[in-house]
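A short write-up of the structure that comes next.
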Amino acid sequence: MAGRSAREPQNLMQLLTRAERLAARHLQTVLDEDGCSLDAWRVLALLSDGEGHHMTAVAEAAFLPPATLTKLVDQLVDQNLVHRRVDPLDRRRILAHLTPRGQTYWRRLDREVRARWPVLSDGEDELLRGLLERLADTLHGSPAEPAL
């Protein structure tokens, strides 16, 4: 891609897509050893804070449509990794939590992923995280320009 400007959206999109797919492939290799999907890992990661989360928030954090999330959470419930409870503040809503077995499973997954995740040099992880957060915030707050 020599000669291409980083200001060209297709160049940036290609780099972001390549990095995301390679990272997902690397992560899935680790997760496969424990029979965990990338989507399940995202759900477990969110629930690992112990706070309990509404299904809408879980769907958004896991980048899943609500129907797909419901099926996935049903599977996690069947595996005794997640349980659902009625929200005491709004009885119409459901909160998802990790079970004790789910917490143990998550800790093991998290250790394995961290041990095998490629590390960038000093400060580069934080720099990359900051730049990606800034890009996401900018894109989120900025409507797409109309095509001419």
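With a requirement of 1 or more residues that are modelled with pLDDT under 95, the helices (runs of 4 or more DSSP H) lying completely within segment 29-148 that satisfy it span 55-62, 66-78, 100-116, 124-141.
Only one residue in ALA40, ALA45, ALA115 is out of contact with any helix residue (DSSP H, G or I) (no Cβ under 7 Å at 6 or more places or on another chain), of a type in the set (Gly, Ala, Ser), within 24 Å of HIS26 (Cβ to Cβ) and surrounded by 15 or more Cβ atoms within 10 Å (Cβ to Cβ), so which one is that?
Details: ALA40 fails: out of contact with any helix residue (DSSP H, G or I) (no Cβ under 7 Å at 6 or more places or on another chain); ALA115 fails: surrounded by 15 or more Cβ atoms within 10 Å (Cβ to Cβ).
Exactly one of ALA40, ALA45, ALA115 is out of contact with any helix residue (DSSP H, G or I) (no Cβ under 7 Å at 6 or more places or on another chain), of a type in the set (Gly, Ala, Ser), within 24 Å of HIS26 (Cβ to Cβ) and surrounded by 15 or more Cβ atoms within 10 Å (Cβ to Cβ), namely ALA45.
Total residues in segment 23-47 satisfying the condition of being without any contact (Cβ under 8 Å) to a residue 12 or more places away in the chain and of a type in the set (D, E, K, R): the figure is 2.
The values are calculated or read from the model by the stated rules, or taken from the named source; none is laboratory data. Since the model is a prediction, treat every value here as computed from it, not as a measurement. Here Cβ is always computed from backbone atoms with ideal geometry, including for glycine, and neighbour counts include all displayed protein chains.
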